[in-house]
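Structure first, commentary second.
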């Protein structure tokens, strides 16, 4: 095999390797925007976005209608501003509700849109005012425990008092009974 | 009775000792060949077409086996990963599973194992046969250094080819996993890539994978070269050397992988 053929094949080989590395870096490793036709972007502010990530799906009634384009932190309001891109074919009323949901127990988080009843529709650059934050599991658990504790606290107190009385009664069983026995007579 | 037992025991111990000494001797000779290769590798860059020729034989000729096996490995990872992940309702994480296991471990390791089988054996057999037919001695007689002319270009070709093959393996494997997960099973396309992109770090995962494959390239090629260079000049000797190349390369790659991973994870 002559030298130019070998050079050509080695060139192809190295080019393939560089392409694979670039592909790994761009497609597997880094962010690349993947587009879904023509879109319009809408923003929504959340106090807590949980684990929502750029490029996460935006669903309405469970159907993917767009993607999360960008997540920024607003240093004035201390809120997360999520920019979403919605497919031009789908129009949503101005009073649409934006929620952050989790797919499954450990699944990824996505943004859910629940359409409101207004006639005006969201346009490019509009802001969704009605939002609900992501559910943070720790918060939920601590709230649950707090509720549980406040629910059972009086009961346990009462129970404690009762058992205290019982214990004291048992302990001082003999003298009490004599006292009691003494009293009426 | 006693003397038979004693004789047997001493024979066993002597055998173990001889084997140990031989292994250590081979390790030392291999290290010496490695340093000589580095010292005499000037010519393989001055006359770069020598190295390019070897890149063709070790790298380009391994393309097919690497791409086909990567594709199947990726597809199997996709199927198996989905099977487990959907039990926890997080089948979107399949992209992360496929990409991380390929980029961090399977890409470099399986490529190195295939490389040892496909290219390492060829190197050992070629050099062993060169030695058997006294081509290496003839070179020395003509004042051509066989390490500079034969060993070093093959060494650098292996070191250049391995990371390229490993990167290709990872990329093709990810595509195979994608093919199973998205069109076949129906995992969301965007979630597949977005979760993958969110979890795969360029520095931590991809660059570390490339570092691994370079180290494996040095180890595999050097073992193949040494076994060929050291083979007894008989047909049987060359065949034994070829077998040893595969066995030692595979074990070395797996052991090195553990060492490298432990360094990379703690640091």
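Across the stretch B:180-194, which residue is farthest from the other protein chains (Cβ to nearest Cβ) among those that are crowded, with 21+ Cβ neighbours inside 10 Å and not in a helix (DSSP H, G or I)?
If we take residues in the stretch B:180-194 being crowded, with 21+ Cβ neighbours inside 10 Å and not in a helix (DSSP H, G or I), then B:187 is farthest from the other protein chains (Cβ to nearest Cβ).
For the stretch B:215-224, indicate whether the set of residues that are over 21 Å from the mean Cα position of the chain (by Cα) and touching a residue at least 24 places away in the same chain (Cβ under 8 Å) is non-empty. Don't jump to the end; show me each part of the working.
Of the stretch B:215-224, the ones over 21 Å from the mean Cα position of the chain (by Cα) are none.
No: the stretch B:215-224 contains no residue that is over 21 Å from the mean Cα position of the chain (by Cα) and touching a residue at least 24 places away in the same chain (Cβ under 8 Å).
Sort through B:259, B:238 and tell me the only one that's more than 16 Å from residue B:169 (Cβ to Cβ), in a helix (DSSP H, G or I) and without any contact (Cβ under 8 Å) to a residue 40 or more places away in the chain.
Just a single option satisfies the conditions, and that option is B:259.
Quick check on my filter: what residues within the stretch A:28-62 are facing chain B (nearest Cβ under 10 Å), at pLDDT 80 or above and either loosely packed, with under 14 Cβ neighbours inside 10 Å or under 20 Å from residue B:176 (Cβ atoms) (or both)?
Listed by number, the list holds a single entry, A:51.
Here is a list of conditions, (1) within 14 Å of chain A (Cβ to nearest Cβ); (2) surrounded by 15 or more Cβ atoms within 10 Å (Cβ to Cβ), and residue B:226 meets all of them except one; can you say which number that is?
Failing condition for residue B:226: (1).
Among the listed residues B:102, B:106, B:114, B:50, which satisfies the condition of being within 11 Å of chain A (Cβ to nearest Cβ), buried (at least 18 other Cβ atoms within 10 Å of the Cβ) and under 29 Å from residue B:241 (Cβ atoms)?
B:50
Considering each of B:163, B:108 in turn, give the residue that is under 23 Å from residue B:207 (Cβ atoms) and touching a residue at least 60 places away in the same chain (Cβ under 8 Å).
Exactly one of B:163, B:108 is under 23 Å from residue B:207 (Cβ atoms) and touching a residue at least 60 places away in the same chain (Cβ under 8 Å), namely B:108.
Would it be correct to say that residue A:4 is farther than 30 Å from residue B:209 by Cα and not assigned by TED's automatic domain parsing to the domain that holds residue A:100?
yes
Is it true that residue A:114 is more than 29 Å from residue B:187 (Cα to Cα), free of Cβ contacts under 8 Å to residues at least 60 places away in the same chain and more than 14 Å from every other protein chain (Cβ to nearest Cβ)?
No; evaluated as a whole, the condition is false for this residue.
Give the residues of the stretch A:41-60 that are farther than 21 Å from residue A:139 by Cβ and assigned to a strand (DSSP E or B), sorted by residue number.
Hits for the stretch A:41-60 are A:41, A:42, A:43, A:57, A:58, A:59, A:60.
Six or more apart or on different chains, Cβ under 6 Å: which pairs go from a residue in the stretch A:1-20 that's on the phi > 0 side of the Ramachandran plot and more than 7 Å from chain B (Cβ to nearest Cβ) to one that's modelled with pLDDT under 90 and assigned to a helix (DSSP H, G or I)? Could you list them?
Correct list of pairs: empty, since none qualify.
Quick one: count up the residues across the stretch B:198-218 that are surrounded by 22 or more Cβ atoms within 10 Å (Cβ to Cβ) and part of a helix (DSSP H, G or I).
6
The values are calculated or read from the model by the stated rules, or taken from the named source; none is laboratory data. The shown structure was predicted, so the numbers you read here are calculated from the model rather than taken from an experiment. Heads up, the Cβs are rebuilt from the backbone with ideal geometry, glycines too, and the neighbour counts pull from every protein chain shown.
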